[in-house]
Every structure is written in C-alpha cells, then in structure tokens.
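Chemist: Quick one: the structure is below, and I'll ask about it shortly.
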Amino acid sequence: MRLVILGGSGSGKSTQAQRLCRYFDIPLISTGEILQEAISGDQLLPEFQWSQADPRISLSVYASLSELGYHAQPYVKKGKLVSDEMIIELIRIRLRQPDIKCDWVLEGYPRNAFQAQKLDFLLDNLGQKLDWAIYLQVSEAVMVSRSLGRSLPDDQPEIVQRRVELFCDRTIPILEYYDRRRCLLTINGDQSPEIVQQNILTLLSAP
C-alpha cells in the first residue's frame, strides 16, 4: 500500500503517518524529518548508512543530504518551503533504498497540485503507483493552536501563521488533483488520534 498524508501544520499528519506505518508495518518517508537531519548536521539516519552491497547508493545519498541541508536551511528558518527539485530528488533517492519494497507512507510532500504531478511522474518512472492520498481536514484556527502548542524551534507565531496561510492557498487545487484521479480520502482531523486512525482504516478497507 502506497499512501500520501496531506494536511496543514498541526493537522496531525505526522502522528497518523507514524500510526499507519506501525499498523501496516511499512516504512515512513518523512521529508520534514530528513530535512531537519540534514540541516542539523547530525549523523546520517539509520536507513542511509553505508552499504557494502552498493556503496555508490549511500555515497550519493550522503552528498544529496549534505547539499540539501546547506541550501534548505535559510528557507526553513524563515518558514518558507524548500524547492521542489530538492525534495523530489530526496524522495527519488529514498524510494530506491533497500528497505523500501512496494509499500510506504509519504508525509510532508506534496504540498500543491504541481508537486503532486511531479510525484506521479516520479512514481511512473519507478514503476509504482499511488494508492491513496489521505487529507486530514481541520480548521485554520485548529492548525495554528496545535502548532503553537508543540513548542518546536521553528513553531513561532509568525512562521506558523505563514505556513498555515500557504497551505490553505494550495489546498483546493491539490484536493481537486487527487479527486480527479479517484484516490482522495478526506478525514475529519479534529478528533482524537485513535478515532482519526480508525476512520482512515475503515475507508482504506472499504470496497
């Protein structure tokens, strides 16, 4: 099963992505986490460790992460979005890692209809196809209050408000994109994580 989780800042998409990965026992591809890892300059994530089977893969990943972190840092600090080219390349490399088989959950991308189209092109090239785009629908006020309650370094009021406004501006086109492809599931995200997860699983199992 290949899933994309859509939702604004504070919509609970990270929580549901992690829950679905545990439930289906499949890898999570979180562009936000990998970006933060690259920007912080810490050691590589476990899935990006050097592999004797094909060291060229890991070396290219390391170079991409280093370059990605360098160029992404000023965007992230200002609450802006990282370029499409950088993110789609990151996803391409990640999908070719040994731990990625046929199933995965992608969280943090796409954020607009253009990115959704680029993701489809990438999946076509890799011989894969998205099963469902799951949209966690919450109000703008809920997104802001939840984000500010997390107390993360980049969750300052001005940055949070900008992220929410950017997301709302791009919501309708991306929902229309996936709806036209008959792969959109809309979930009320203004509920407990347990109920949201159960509603997702119910829709995924529907004939």
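Chemist: Would you give the gap between the C-alpha center of the range 181-202 and the C-alpha center of the range 10-32, rounded to a whole Å?
Modeler: What the calculation gives is 13 Å, centre to centre.
Chemist: Next question, about the same structure. For Gln73 paired with Arg96, estimate the spin-label separation in nm (one decimal), with each label point 7 Å from Cα along the Cα-to-Cβ line.
Modeler: My value for the distance between the label points is 2.7 nm.
Chemist: Please list 3J(HN,Hα) in residue order for the range 157-172, calculated via the Karplus relation 6.51 cos²θ - 1.76 cosθ + 1.60 where θ = phi - 60°; whole Hz, with x for glycine and proline.
Modeler: Computed from phi, the couplings for the range 157-172 are x, 5, 5, 4, 4, 5, 4, 5, 5, 4, 5, 4, 5, 9, 5, 4 Hz.
Chemist: Measure off 7 Å from each Cα along the Cα-to-Cβ vector at Ile195 and Asp131, then give the distance between these two points in nanometres to one decimal.
Modeler: In this crude spin-label approximation the distance works out to 2.6 nm.
Chemist: Let me check I've understood the local charge: for Val138, count other residues with C-beta under 9 angstrom from its C-beta, Lys and Arg +1, Asp and Glu -1. What total comes out?
Modeler: -1
Chemist: Skipping prolines and chain starts, which residues have an amide H placed within reach, meaning under 5 Å, of the one on Arg2, given they are 5 or more residues away or on another chain?
Modeler: Distant-sequence amide H within range of Arg2: Trp104, Asp131, Trp132.
Chemist: Just the number: Rg to Rh for the range 72-114, Cα atoms, Kirkwood Rh, two decimals.
Modeler: My calculation of the ratio gives 1.03.
We did not get these values from a lab; they are worked out from the coordinates using the rules stated. None of the values given here were measured: they were computed from a predicted structure. No Cβ is skipped: glycine too gets one built from the backbone with ideal geometry, and neighbour counts run over all protein chains shown.
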